[in-house]
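The values are calculated or read from the model by the stated rules, or taken from the named source; none is laboratory data. Since the structure is predicted, the reported quantities are computational estimates derived from the model, not experimental observations. Every residue, glycine among them, receives a Cβ derived from its backbone with ideal geometry; neighbour counts consider all protein chains shown.
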Amino acid sequence: MEKDIEEWIKKIEKTKKGDVDLSRDEDLSIAIMNLVSLEEHFYFTAQKTNDQKYLDLLLSVREIRKKMLGRIVTDPVGEEWCISKHLLAGSMRLYEVGCKELSKKGKKEAEPFFRAGFDLWSTFFALNLKLIKKEEIIEENAEKETKHMSRFSALMKKIVDCCKEW
């Protein structure tokens with residue numbers, strides 16, 4: 001696996017020509033996750049209250065989310081834009097479920113949700129750093145997919161340092 005990680009790092013450097021700032025993109029991806037969640041909350045609040053002003057708020061947040069997603073998802077092919085959005089949305093929801101399980105039942109019960117959320121988040125970056133193609137995500141069987149995602153997660157743990165400000 002270490003060899004794969006080194007090869008991916010070289011591919012990132014070659015593909016992005018050193019222009020990738022994963023620390024910034026990590027923060028931005030978390031912001032995008034929260035924007036997607038806001039869209040969902042405005043939708044459900046509009047439906048629950050029958051107050052259409054929440055749909056106006058949804059549209060405003062959606063425009064911001066689209067602009068921010070476009071900072072990371074550049075030149076999407078096929079359905080990569082939507083796949084990327086849903087990878088982040090799924091990651092955020094699994095993180096939130098993990099937090100609820102952590103507070104109610106403890107670390108052991110929360111861990112599968114946290115791991116799955118991190119794997120989705122890592123797959124988002126693997127897709128957008130062009131380490132994989134969308135077909136590889138869709139066509140993999142469950143066992144291979146889990147191995148792939150774990151390898152992407154190992155890569156992200158190695159190359160992302162959110163505290164690095166230089």
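Results, tabulated for the structure shown:
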item: Test: residue in the range 142-159 that is at pLDDT 80 or above and assigned to a helix (DSSP H, G or I); result: no
item: Which numbered condition PHE113 fails, given (1) over 11 Å from the mean Cα position of the chain (by Cα); (2) more than 19 Å from SER37 (Cα to Cα); result: (2)
item: Every pair of residues 6+ apart whose Cβ atoms lie under 6 Å, when the first sits in the range 81-97 and is among the aromatic types (Phe, Trp, Tyr) while the second is modelled with pLDDT under 95 and surrounded by fewer than 19 Cβ atoms within 10 Å (Cβ to Cβ); result: none
item: Scan of the range 26-77 for residues that are in a helix (DSSP H, G or I), more than 22 Å from GLU96 (Cβ to Cβ) and in contact (Cβ under 8 Å) with a residue 24 or more places away in the chain, ordered by number; result: ARG71
item: The range 104-131, residues that are farther than 25 Å from CYS82 by Cα and surrounded by 22 or more Cβ atoms within 10 Å (Cβ to Cβ); result: none
item: Qualifying residue in the range 79-91 (condition: at pLDDT 95 or above, touching a helix residue (DSSP H, G or I) at 6+ places or on another chain (Cβ under 6 Å) and either exposed (fewer than 14 other Cβ atoms within 10 Å of the Cβ) or over 22 Å from ILE132 (Cα atoms) (or both)); result: no
